[in-house]
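Novice: Structure incoming, see below.
The values are calculated or read from the model by the stated rules, or taken from the named source; none is laboratory data. Note that this is a predicted model, so its numbers are computed, not measured. Note that each Cβ is placed from the backbone with ideal geometry, even for glycine, and that neighbours are counted across all protein chains shown. For accessibility, only protein heavy atoms count, side chains too; no ligands or nucleic acids. Shrake-Rupley method; radii C 1.70, N 1.55, O 1.52, S 1.80 Å.
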Amino acid sequence: MQNEAPAVEHAFDGDVHVLRIANPPVNTLKTAVRAGLLDGIRRSLREGARAIILIGTGRMFSAGAEMTEFGKPRQPPSLPEVFDAIETSPAPVVAAIHGHALGGGLELALACHARLASPEAVVGLPEVKRGFVPGAGGTQRLPRLIGAEAALRIIVSGEPVKAEEALKLGIIDAIIEGDLEKGAIAWVRQALASGRSFTLARHRTDRIEGQDMAAFEQTAAALLKRARGQESPQGCVNAVRAALTLPFEEGLLVERQEFQRLVQGEQSQALRYIFFGEREVARVPGMPPDVKPLPVERAVVIGGGTMGGGIAMCFANAHIPVTIVEANEEALARGIARCEANWQRTVAGGKLSQAEYEKRRAFLKGTTDWDVVKDADIVIEAVFEDMSVKKEVFAKLDRLARPGIVLATNTSTLDIDQIASATGRPELVCGMHFFSPANVMRLLEIVRGAKTSHQTIATAMEVGRRIGKVNVVVGNCDGFVGNRMTGKRGFQLERLLLEGALPQDIDRVMEAYGMAMGPCATGDLAGLDIGAAVRRARGTVAPIADALVAAGRYGQKTGKGWYIYDEKRQRHPDPEVERIIVEMSEKMQVRRRKIEDQEILERLLLPMVNEGARILEEGIAARPVDIDVIFVNGFGWPAWRGGPMFWADRMGLRTVRDKLAHYYELTGDPNLKPAPLIEKLAAEGGSFASMGAKQAA
Ligand code: NAI
């Protein structure tokens with residue numbers, strides 16, 4: 001039997017020892033790594049090492065703790081035991097960071113005597129985003145190293161810090177150009193020769209002594225404002241506060257308590273479910289393993305409107321040359337100007353450098369000459385949502401584009417197969433459904449048509465990955481997954497208003513649940529006229545929303561919709577809207593009553609869950625988690641709630657079935673008739689999570 005490769009390699013350069021973490025692909029600190037580090041340090045010291053360097057093999061230093069070990073019996077040695085060996089080592093231990101040092105990975109580096117990094121390295125403590133706090137001393141060592149408020153910002157936001165900034169803050173001691181291991185050995189030798197003294201973070205008091213606690217609390221309060229209902233940011237504040245008010249060892253205990261409490265909580269379970277789900281969706285059931293994506297070096301986007309412009313920006317942001325094709329010069333100039341304005345806002349906000357903006361801008365071109373399609377490796381169409389226009393465009397693309405390249409459509413409602421039928425290459429046609437604003441929203445629904453090939457899907461996914469999207473492959477149907485599900489709550493929204501709720505009640509409940517924006521405010525932002533046009537085309541009605549549109553209330557663009565807007569675009573409840581609603585209740589003879597918040601929440605979420613179940617039955621989505629990833633990344637669903645299917649599982653599918661049946665009886669809304677899958681799973685005592693995956697069809 002072959003021996004498993006060691007998780008930590010031991011190398012020597014004279015009396016400088018090097019411990020290389022080798023747990024591909026991201027060097028998580030699994031048990032074998034912790035044991036390897038501990039053994040390596042002990043052995044180095046036995047063998048008389050004058051210094052020890054910790055470094056990662058492959059892509060990075062370390063992405064942190066092995067989260068799949070959470071909740072299982074803990075295997076020794078623990079990280080604190082490893083840190084103890086480092087901190088009591090008479091020879092300095094120096095972390096040499098390339099790629100990422102995140103979470104436990106950074107905590108390991110923080111326990112060292114010094115930290116070096118490659119210029120492209122990134123460090124951070126993203127634990128807050130998984131619903132807990134750094135649990136291996138990060139909240140105690142980082143403030144001692146860089147000061148309380150700077151540490152608080154990093155720990156509460158979970159945002160990564162680039163090497164240059166990390167150097168300025170004092171997280172790292174030096175940036176090493178060129179070969180990191182060689183450079184680190186040279187740096188250490190130089191430090192030893194110059195008699196440099198190393199002070200461990202745990203022994204430093206200079207950065208936190210005399211901390212103005214009022215200023216600290218103020219910073220904390222400002223950071224917590226953004227947390228809304230999420231608990232882990234408060235846990236981070238508690239732990240960092242302990243670093244300022246308690247001795248190191250006691251602070252560690254506070255941190256450990258916060259960690260234990262949060263990691264077992266439902267929010268952290270939801271966040272980790274989404275974290276792993278976002279990786280799971282990259283594995284497409286039914287995709288043969290040998291399928292390779294087609295090479296893509298330049299893209300063409302047809303239509304430079306709201307979506308086309310945003311899509312083109314995604315490519316330019318990823319430094320992939322992209323050309324927008326517009327119908328005429330005027331529309332083209334408008335489209336390009338909108339992209340530029342978008343970028344410039346980011347520059348003004350300090351989130352993009354002028355130099356990087358210019359670089360990105362140079363990757364974007366525009367034309368009205370369709371000849372550029374001949375050079376494209378992929379084309380994404382984003383013209384008007386009209387089947388005859390789309391078909392005309394695709395017939396033209398098929399004539400002009402090189403054979404063998406993917407032609408994608410950004411349609412949000414139209415049938416992919418019909419669009420594909422306008423070409424002689426339906427196997428190369430798919431949907432690439434972006435969400436507005438396309439340059440910001442991470443979700444990309446990749447729609448498989450009846451004839452779409454695996455290679456086409458693989459190519460769209462690879463392109464999506466390169467432009468920073470979370471790809472979810474879905475089947476071809478009206479609204480695909482996200483819009484199809486949200487579309488199903490419209491009936492209940494109207495009913496709730498008729499029965500006694502007001503728009504502000506509905507939004508308050510949904511925002512308290514954690515949604516970025518309630519459905520009424522979202523409608524005002526998108527434009528109520530758009531929904532009305534869709535209803536007209538489908539022959540459906542929504543009496544109250546239709547009455548608002550008839551009264552010229554189109555939403556923010558007319559200054560009033562479900563709300564009235566002031567000059568700062570702040571929304572306010574409008575008595576006029578209440579009057580329209582109450583009159584409609586009278587007209588339709590619905591008795592108004594006080595509706596509890598819980599009922600509002602359930603009646604808006606359950607129709608989505610029910611439709612989600614139908615989507616799973618039909619194989620439109622491969623797995624429940626695909627649906628949840630869609631809602632978290634494209635619909636402002638709070639990740640710490642886990643998404644609609646996760647929510648339903650937590651409630652229990654028997655309860656879900658009973659509540660659906662109850663509200664179905666109450667309102668007669670066909671969307672609430674329990675879906676067969678829910679009936680089946682409820683009868684079996686099953687859950688969505690217990691289902692297997694199938695290919696999205
Ligand atoms: P838009 O009206 O802002 O942009 C469409 C652009 O296409 C216009 O600039 C128009 O001049 C151009 N165009 C029309 N026909 C053309 C042709 N034959 N050749 C070249 N250019 C042409 O529309 P928007 O909102 O960008 O929507 C585009 C597509 O994206 C639609 O299919 C829509 O359903 C879809 N979509 C829209 C979302 C949204 O939130 N607005 C979200 C996701 C998808």
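Novice: Before we move on, is residue 309 open to solvent by less than 40 Å² (accessible area, probe 1.4 Å) and touching a Phe, Trp or Tyr at 6+ places or on another chain (Cβ under 9 Å)? Full working, then the answer.
Specialist: On the way: open to solvent by less than 40 Å² (accessible area, probe 1.4 Å): yes; touching a Phe, Trp or Tyr at 6+ places or on another chain (Cβ under 9 Å): no.
No: the conditions fail for residue 309.
Novice: For a quick check of your reading of the model, give me the residue pairs whose first member lies in the stretch 400-414 and is within 12 Å of the ligand (Cβ to nearest atom), whose second is among the polar types (S, T, N, Q), with beta-carbon atoms closer than 8 Å and at least 6 apart or on different chains.
Specialist: Short answer, once both residue conditions are applied: 412/483; 413/483.
Novice: Can I ask one more? Mind checking which residues of the stretch 415-439 are touching a helix residue (DSSP H, G or I) at 6+ places or on another chain (Cβ under 6 Å), near the ligand (Cβ under 8 Å from one of its atoms) and open to solvent by 10 Å² or more (accessible area, probe 1.4 Å)?
Specialist: 435
Novice: Then there is this: Restricting to the stretch 505-538, give me the number of residues that are open to solvent by 40 Å² or more (accessible area, probe 1.4 Å) and either in contact with a Cys (Cβ under 6 Å, 6 or more places away or on another chain) or outside the structural domain of residue 554 (by TED's automatic domain parsing) (or both).
Specialist: Final tally of qualifying residues: 0.
Novice: What about residue 136, is it in a loop (DSSP other than H, G, I, E, B), closer than 28 Å to residue 266 by Cα and among the aliphatic types (A, V, I, L, M)? Give the derivation first.
Specialist: Numbers: in a loop (DSSP other than H, G, I, E, B): yes; closer than 28 Å to residue 266 by Cα: yes; among the aliphatic types (A, V, I, L, M): yes.
For residue 136, the condition - in a loop (DSSP other than H, G, I, E, B), closer than 28 Å to residue 266 by Cα and among the aliphatic types (A, V, I, L, M) - is met.
Novice: Now for a separate question. If residue 310 satisfies all but one of (1) within 16 Å of the ligand (Cβ to nearest atom); (2) assigned to a loop (DSSP other than H, G, I, E, B), what's the number of the condition it fails?
Specialist: Every condition holds for residue 310 apart from (2).
Novice: May I ask you to say which residue of 184, 174 is open to solvent by less than 60 Å² (accessible area, probe 1.4 Å), touching a residue at least 40 places away in the same chain (Cβ under 8 Å) and farther than 22 Å from residue 144 by Cβ? Walk me through how you get there before you give the answer.
Specialist: Details: 174 fails: farther than 22 Å from residue 144 by Cβ.
Result: 184 is the single residue among 184, 174 that is open to solvent by less than 60 Å² (accessible area, probe 1.4 Å), touching a residue at least 40 places away in the same chain (Cβ under 8 Å) and farther than 22 Å from residue 144 by Cβ.
Novice: Take the residues of the stretch 345-389 that are within 14 Å of the ligand (Cβ to nearest atom) and aromatic (Phe, Trp, Tyr): which is surrounded by the most Cβ atoms within 10 Å (Cβ to Cβ)?
Specialist: 370
Novice: Let me ask another. How many of the residues making up the stretch 38-89 are touching a residue at least 60 places away in the same chain (Cβ under 8 Å) and under 25 Å from residue 189 (Cβ atoms)?
Specialist: 6
Novice: Just to verify a result, which residue in the stretch 450-500, among those that are open to solvent by less than 20 Å² (accessible area, probe 1.4 Å), outside any loop (DSSP other than H, G, I, E, B) and polar (S, T, N, Q), is farthest from residue 408 (Cα to Cα)?
Specialist: Among those residues, the one meeting the criterion is 492.
Novice: Related question: For residue 300, work out the one condition from (1) part of a strand (DSSP E or B); (2) surrounded by fewer than 19 Cβ atoms within 10 Å (Cβ to Cβ) it doesn't fulfil.
Specialist: Condition not satisfied by residue 300: (2).
Novice: Give me the helices (runs of 4 or more DSSP H) completely within the stretch 565-672, filtered to those with at least 3 residues that are in contact with a Gly (Cβ under 8 Å, 6 or more places away or on another chain), ordered by residue number. Even if it seems obvious, please write down each step before you answer.
Specialist: Values: elements: 575-587, 597-617, 624-634, 644-651, 653-667.
Helices (runs of 4 or more DSSP H) meeting the threshold: 624-634, 644-651.
Novice: Just to be sure before I move on: is residue 294 of a type in the set (A, V, I, L, M), part of a loop (DSSP other than H, G, I, E, B) and surrounded by 15 or more Cβ atoms within 10 Å (Cβ to Cβ) in the structure I sent?
Specialist: Details: of a type in the set (A, V, I, L, M): yes; part of a loop (DSSP other than H, G, I, E, B): yes; surrounded by 15 or more Cβ atoms within 10 Å (Cβ to Cβ): yes.
Here the answer is yes, as residue 294 does meet what is asked.
Novice: Going through 51, 35, 22 one at a time, which residue ends up being modelled with pLDDT of 95 or more, buried (at least 16 other Cβ atoms within 10 Å of the Cβ) and in contact with a Leu (Cβ under 9 Å, 6 or more places away or on another chain)?
Specialist: Values: 35 fails: in contact with a Leu (Cβ under 9 Å, 6 or more places away or on another chain); 22 fails: in contact with a Leu (Cβ under 9 Å, 6 or more places away or on another chain).
That would be 51, the only listed residue that is modelled with pLDDT of 95 or more, buried (at least 16 other Cβ atoms within 10 Å of the Cβ) and in contact with a Leu (Cβ under 9 Å, 6 or more places away or on another chain).
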